[in-house]
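These notes are about the structure you will find just below.
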Amino acid sequence: MEENKKKCGLYLRVSTEDQAREGFSLPEQKERLEMFCKFKNYEIVDYYEDAGISAKTGNYRPEFERLKEDIKAKKVNTIVALKLDRITRSIYDWENLMTFLDDNDAYLDCVNDEINTTNANGKMISRLLMSVSQNEIERTSERTKIGLAGAIKSGHIPHIAPLGYKHEDKKLVIDYATKDIVVKIFDLYYNGYSYKKISNILNNEQVLGKTNWRDSTIVTILENEIYKGDFVHGKRTKHPVYYENVVEPIVSKDMWEDCQVQKKKNSRSYQRTLIYLYLQKLKCPKCSRILGGKATTKKNGNTYFYYYCNDCKISFKEKIVDDFMSKLVNELVEYDSVVNQFFLPMIKQKFDEPKEQLEKEISNQKNRLERIKKAYIDGVFELEEYNKERKIVEKAITELEDKLCTTDCTEELCFTPKDILLKRDIDYINKLKLNKEYTEKTKTWKDYTRAEQADLVMRYVDNIELELIGKEVVVKQINFRESICKPCRELFESGYIDTTKPAIFGNIVGNIRFSNYLPKEEVAEIIMRLRQYYDVGYTEATYYLDKQVFYFNFMQDNSAIVRVFPLKDYYKLDPDSKMKTYEFGIIYIREEDKFKLKEIYSAFDYIPDESNRSEFYTKEKEQISIGVKPVKFAEKSKNN
């Protein structure tokens with residue numbers, strides 16, 4: 001054999017996209033390379049085939065590495081390939097290969113590209129061709145990314161559907177059979193349960209028929225952005241892409257974000273036997289570190305709680321925060337019982353779980369049950385496995401049917417945002433007129449257990465700002481969670497919830513319940529509905545902006561203001577407060593007015609139906625029968 005004879009290694013490579021695009025199958029490459037070597041009188045030493053592997057940087061190609069080892073061992077001195085891009089599509093990799101070939105006195109020859117690596121001009125041409133090849137792969141990658149981004153924005157998520165979702169018409173949609181499991185996990189974590197406790201609860205309840213729920217599963221669910229409607233593509237890469245609002249969310253963004261904050265806080269917490277109301281809510285007024293908690297139990301059995309910062313040597317009693325909180329807790333408890341636990345879930349449910357979706361999912365689950373039965377009859381399932389699968393599906397059907405029933409009742413009752421304002425008005429009057437019954441029926445802050453108080457603080461309070469005045473620690477401000485403030489603020493701005501504000505009535509200083517502007521038709525409806533329970537009065541008053549005072553002789557006849565509201569939308573009409581006076585409507589009740597219905601407790605358990613528009617200008621001697629909405633309905637549905 002001549003010493004300078006070319007001893008060739010035939011390199012054959014094909015990726016799936018290459019074969020689909022250009023038909024470069026391995027047998028076809030092999031045939032053409034053999035004909036080329038025969039024409040050039042090259043000796044074929046071996047064949048090196050990498051199938052289904054791209055030539056991108058970083059991809060490991062075992063046969064190409066074997067070829068390089070044979071070049072080092074002087075078994076081969078020439079690489080023969082069909083095209084330059086069979087070897088690589090990266091300029092960086094190509095330069096490394098050129099250096100490798102020079103170091104080992106080896107060459108490259110291509111069938112379709114006039115490549116000659118033995119001189120400078122040939123190397124320059126190869127670099128130009130390599131630049132074109134790299135540009136092609138980068139453009140292809142860009143087109144792929146653009147197409148993928150468009151698909152993701154349309155709800156086509158390129159992943160296995162996570163718990164709570166399913167693929168329907170190639171889109172990710174909510175699976176109403178498993179959605180509530182996800183909601184439950186977020187609610188439990190939001191309310192202070194650890195990963196371990198949540199997994200134990202799911203295992204004890206055998207959710208989805210499983211007893212192998214793990215902490216890691218809970219963490220994965222809580223960290224998945226898909227549940228707030230967003231998607232992160234390439235999450236584990238250096239350049240992940242974030243897509244917002246691409247699927248229907250299962251939990252609100254506020255809830256999801258709150259859980260991430262809670263997760264960071266929980267990583268610094270530990271198991272405690274005593275309940276600290278404000279743990280993780282208080283920061284040192286000097287160094288801003290989260291304060292620790294301690295407690296002492298006296299001989300009389302009373303336990304006293306303290307919060308402290310070791311670094312700054314600051315310590316103070318929990319009572320300091322309690323005293324400040326006591327000014328807000330009544331509003332907090334009222335908001336919790338009237339708005340958050342009752343009306344908002346009822347209104348929200350009509351949108352979150354449309355009737356047709358529930359009916360469709362019930363039909364799907366019943367079809368699934370029939371398939372399971374058929375599979376058992378055909379011998380696919382053993383009896384034990386069949387019973388297990390049957391119970392899972394039957395449980396899902398029962399839960400869906402309960403939701404459908406609740407949705408039907410919700411649609412029949414037709415609760416509206418006006419009902420919120422009406423219920424709060426009635427509760428306020430009940431407190432004045434039926435104080436004994438109100439005290440019996442209403443759960444105040446002192447009636448909550450310490451665990452329930454801690455739960456309210458955890459759910460509603462984001463943090464509590466402290467400051468030092470001299471050596472004394474005082475509360476500067478309590479910041480409530482945005483997920484709580486936002487719906488309350490939206491209701492207030494829309495005129496459907498009130499707030500308490502200080503006011504001056506002539507020479508009298510006091511507090512009033514104030515609500516925002518509502519159209520006069522809605523105001524009239526609320527007043528007419530109130531008059532079915534109480535003979536409330538209505539009057540109007542002028543408010544002078546320069547003196548910030550109401551002028552009228554209202555307090556002299558022992559009347560009590562129920563609520564004050566503007567008669568025009570002054571936020572829009574006078575954003576800079578340049579007007580001299582505002583006109584306000586006032587709903588009030590007189591000392592002699594009593595509850596009109598025979599059953600007093602109906603004042604707490606029901607609200608007047610808006611379909612009853614009868615006007616009551618004077619007190620009626622006879623008892624009145626009217627249409628009502630049961631306000632206890634939501635508690636029943638929640639327990640179910």
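The values are calculated or read from the model by the stated rules, or taken from the named source; none is laboratory data. None of the values given here were measured: they were computed from a predicted structure. Ideal geometry is used to build each Cβ from the backbone, glycine not excepted, and the neighbour counts take in all protein chains shown.
From the list Lys436, Lys441, the lone residue that is surrounded by fewer than 18 Cβ atoms within 10 Å (Cβ to Cβ) and without any contact (Cβ under 8 Å) to a residue 12 or more places away in the chain is Lys436. Restricted to segment 296-315, and to residues there that are more than 36 Å from the chain's Cα centre (by Cα) and surrounded by 14 or more Cβ atoms within 10 Å (Cβ to Cβ), the residue that is nearest to Leu456 (Cα to Cα) is Ser315. Only residues that are outside any loop (DSSP other than H, G, I, E, B) and among the small types (Gly, Ala, Ser) were counted across segment 162-202, and they come to 1.
Can you tell me which residue is farthest from Gln365 (Cα to Cα) among those in segment 143-165 that are modelled with pLDDT of 80 or more and in contact with a strand residue (DSSP E or B) (Cβ under 6 Å, 6 or more places away or on another chain)? Looking at the filtered set, the residue picked out is Ala161. One residue stands out among those in segment 64-97 that are in a loop (DSSP other than H, G, I, E, B) and either outside the structural domain of Gly52 (by TED's automatic domain parsing) or among the small types (Gly, Ala, Ser) (or both): the one that is surrounded by the fewest Cβ atoms within 10 Å (Cβ to Cβ), which is Ala73. Name the single residue that is modelled with the highest pLDDT among those in segment 467-511 being among the hydroxyl-bearing types (Ser, Thr, Tyr) and not in a strand (DSSP E or B). Ranking the qualifying residues of segment 467-511, first place goes to Ser494.
Out of all the residues in segment 423-439, is one or more modelled with pLDDT of 80 or more, outside any helix (DSSP H, G or I) and either of a type outside the set (S, T, N, Q) or more than 29 Å from Glu490 (Cα to Cα) (or both)? Yes, because at least one residue in segment 423-439 is modelled with pLDDT of 80 or more, outside any helix (DSSP H, G or I) and either of a type outside the set (S, T, N, Q) or more than 29 Å from Glu490 (Cα to Cα) (or both). Might you check whether a residue that is at pLDDT 65 or above, among the acidic types (Asp, Glu) and surrounded by 14 or more Cβ atoms within 10 Å (Cβ to Cβ) occurs anywhere in segment 98-113? Yes: one or more hits.
Does segment 171-186 include one or more residues that are more than 54 Å from the chain's Cα centre (by Cα), at pLDDT 75 or above and aliphatic (A, V, I, L, M)? Within segment 171-186 (the criterion being more than 54 Å from the chain's Cα centre (by Cα), at pLDDT 75 or above and aliphatic (A, V, I, L, M)), the answer is no, since none of the residues qualifies.
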